[in-house]
Structures are given as C-alpha cells and as structure tokens.
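The next block holds one structure in the form of structure tokens; read it before the comments.
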Amino acid sequence: MMALVCPVDARNPDPQPIAEAAAIIRAGGLVAFPTETVYGLGADGLNPAAVARIFAAKERPATDPLILHVAEPEALSLLVLEVPPTAIELARRFWPGPLTLVLPKRPIVPDIVTAGLPTVAVRVPAHPVALALIRAAGTPIAAPSANRFGHTSPTTAQHVQDDLGDRIDLILDAGPTSIGVESTVLDLTRPVPTILRPGGLPRETLEAVLGPVAVQTRVAEGPQPSPGLLPKHYAPRTPMILVVGPPPQMRSVLRELVARYAAQDHRIGLLVAEEDREAIADLPVEMVALGPEGDLERVARRLYEGLRELDARGLSLIIARDFGAHGLGLAIRDRLTRASGGQVIPVG
Ligand code: AMP
Ligand code: MG
C-alpha cells in the first residue's frame, strides 16, 4: 500500500486536507508534510508511542534525537525549562525559519524525542502548510526528514513516496521545498552558542546577531582529517567522492579522477556547478549541474534532487564538487561530505 498523496496549496492550504492530516497526528499516526527546508515525517511530539512509529518507519536509531516543530515562538516556553534572552532574540529575528534551538527540556517532552538527552531541539518552520498542520493538531509535531535513515533527504512529495510510501498514512504535497537543506541546529546550553549541524540559516547571519558562534567539528572547517571515518548520511546508494578546493584546481582534479575511474570501467556521474560544464563537456560522464557556483541558494535547493537524479541512473561512482564554506556553502559541504562517507579529496 502506498501512502495517500494529498495536494495542498503551498501559500493558502485548504482546511480540509489539513484537518484530515491533523486527525491522523492526534490519533498517533504519521503524516509527511512540507517545510521550507525539506519534507518532514510528523507525529504527535508529546505521544511517545506515536514518536516510536517515526523511528520504526525511518529505521532510525533511537540515539538520534528529533526536532519538535511548533507554530509560535511562545510555545517554546512550554517545552524548555527556561527561555534565555538569546533565544528570545533569535526567535524574534529568525522564526519562522530554518533555525533550531537546543535548550534544557521540560519533563513534558518524552525521552524518546530527545534520545534520552536532557535537552530538546525546537523550531518554528516557515511554511504555511506546516504551520496550519501544527495549529490544527494542537500539539508540537516531532519531525525528522521524511527519508529512510541515512538516505538522501526529500525535497518533494515523490521523494517521500519513493522512500517511505509503504510505511505512512498520508503525504501533504505542496510542491518542492524552497531552501532544500535542513535547519541550522544551534545549541544554546554552552558558554558559546554552538552550531551542531550547519543548515539553512548561515553561520555568518547568526554571528551578526550573537558575535562568535562555534561550529562543532562535524565538518566545520575543511576536509575531514581521516577520510572514510564519517558515518554515511544524506547518502545516495551509489558510492561517492567529494573534491574540495579552489575551482580551477578542482576542475583539473575532476578530469583526472574521471580518466582514472573510467579506465577501471566505472560509469561516472558528476555533481557540479554550471561553470564546470565547459571543462568536462568532452568527458564520458553523466552530469548534473546544480547551479552557478555563486548562487548557493539555488545549489542548496537542488542538492538532494541532484543526488537522487544521479543515484537513479545506475552509475557506479558519483564525483561531487564542493561549494566553499561561506554562507550556505557550509551546509552544502556538510551534506556532501556525509553523503560521501568522508571520501573527501582536498586539492590546491
Ligand atoms: P533530522 O530530524 O533528520 O533533521 O535530524 C535532527 C537533528 O537535530 C539530529 O540528528 C541532531 O543532530 C539534532 N538534534 C535534535 N535534538 C537534539 C538535541 N537535544 N541535542 C542535540 N542535537 C539535537
Ligand atoms: Mg534527516
């Protein structure tokens, strides 16, 4: 059985499908819904049995905590022990939006949501469908990305259907998501605010408000010291390599890698920028250009779709290029590094 896919207007969602989806949430069921970042797999965040169904459907380990989605900043105080002035300021500026705040949790938040941690992650998504659903359900909605654990995140309802269609009741389809990478997760429980996961809200934007912000070394600064050690996440089924460095050197290394692997009978796909087209036009490869290298918003929006597109072509190797560490570049690098399982080649 595939999930029922229900089209909804992204700006002005009809009350009828929203009411049906909310009834499923209240009854402890699962609904996939659009946010501005990626599609989420939602359940009643205060109902441990409902949240357990998220982990089961995704095959997600119980050690990986979920984000609670609320419709108003005021709801934060119901979920966390104390709302510090920093959180009030960040909420005022960036909510609704792709920023998740981590704070000490109240007992009302089930342990299964936080993977047993004393902290909870909360955000207000900037999508009319998500907000309408949360309001109609009358409960915070726990929602990770609506994909199987470790696989590429979904930016369309079809992606959700492909990954989880046989495991969920309903998918609200409001078209492709606008940001395309997950939220920035910011831990406010440390002396210095710390980005646990780079995402749709750039570090520089946070620093303009907060001063220095730390980035936990997932892939904070540059390539991983030891390739291959990163757990695979956001990943295509096809093996993948990421090339990091200044664009001209990156392009010549792309060419060398293609020559080497093509000689070993690999069928190769390249995930690149528009500017790379010319340099690789003569190569025996499939290519997806995500956008101009300067337009990181477009690159982020198309990132997961591009990965899925290449993954569907029966290739034996995907080689991706990096887009720098500024602005959305950091989130893009994080996802590509993890998608490659840490197979990163630094150049230049
Ligand atoms: P996803 O729902 O797939 O976007 O993943 C949510 C991510 O948010 C998790 O994988 C963690 O990285 C982060 N997260 C959620 N809750 C917490 C928490 N209490 N402490 C630290 N990180 C968290
Ligand atoms: Mg995810």
Give me L283, L99 sorted ascending by neighbouring Cβ count inside 10 Å, so fewest comes first.
L283, L99
Residue among G327, G314, G245 with the largest mean-square fluctuation in a Gaussian network model of the chain, springs linking Cα atoms under 10 Å
G314
Overall form of region 123-163 per C-alpha gyration tensor (a/c, 1.5; a/b vs b/c):
prolate
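What is the chain by shape, rounded, prolate or oblate, if you read a ≥ b ≥ c off the alpha carbon gyration tensor as root eigenvalues and call it rounded for a/c under 1.5, prolate for a/b larger than b/c, and oblate otherwise?
Numbers: a/c = 2.00, a/b = 1.47, b/c = 1.36.
Here the chain falls in the prolate category.
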Relative contact order (percent, whole number), the chain, Cα cutoff 8 Å, 6+ residue spacing
20
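Based on other C-beta atoms within 10 Å, arrange E305, E278 from fewest to most.
On the way: E305 19, E278 9.
Lowest to highest Cβ neighbour count: E278, E305.
Can you give the FRET efficiency for A281 and H326, using 1/(1 + (r/R0)^6), R0 = 25 Å, r = Cβ-Cβ distance, to the nearest 0.05? The partial results should precede the final answer.
On the way: r = 28 Å, r/R0 = 1.11.
So the FRET efficiency works out to roughly 0.35.
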Let me make sure I get this right: for region 1-90, a, b and c are the square roots of the gyration tensor eigenvalues over alpha carbons, sorted descending. Under 1.5 in a/c it's rounded, otherwise prolate if a/b > b/c, else oblate. Which is it?
oblate
Net charge over other residues, Cβ less than 13 angstrom from the Cβ of A273 (K, R count +1; D, E count -1):
-2
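Kindly rank 117-130, 70-83 from highest to lowest mean number of other beta carbons found within 10 Å of each residue.
The densest-packed peptide leads the list: 117-130, 70-83.
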Across region 150-158, in residue order, what do the Karplus-derived ³J(HN,Hα) couplings come to in whole Hz, using 6.51 cos²θ - 1.76 cosθ + 1.60 with θ = phi - 60° and x for Gly and Pro?
x, 8, 4, 5, x, 10, 9, 4, 5
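Of the listed peptides 15-23, 315-323, what is their order by residue-averaged count of other C-beta atoms within 10 Å, with the highest listed first?
Working: 15-23: 17.0, 315-323: 23.7.
Final packing ranking: 315-323, 15-23.
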Using helices alone, what [θ] at 222 nm do you get for the chain, with -39,500 (n - 2.57) per DSSP H run of 4 or more residues, divided over all residues and rounded to the nearest 500?
-9500 deg cm²/dmol
Computed over the chain: longest principal axis from alpha-carbon atoms vs helix 329-339 long axis, angle to nearest 10 degrees, is 80
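Values quoted throughout were computed directly from the atomic coordinates according to the rules given, and no laboratory measurement underlies them. Just so it is clear, the structure is predicted and the values come from calculations on it, not from any experiment. Here Cβ is always computed from backbone atoms with ideal geometry, including for glycine, and neighbour counts include all displayed protein chains.
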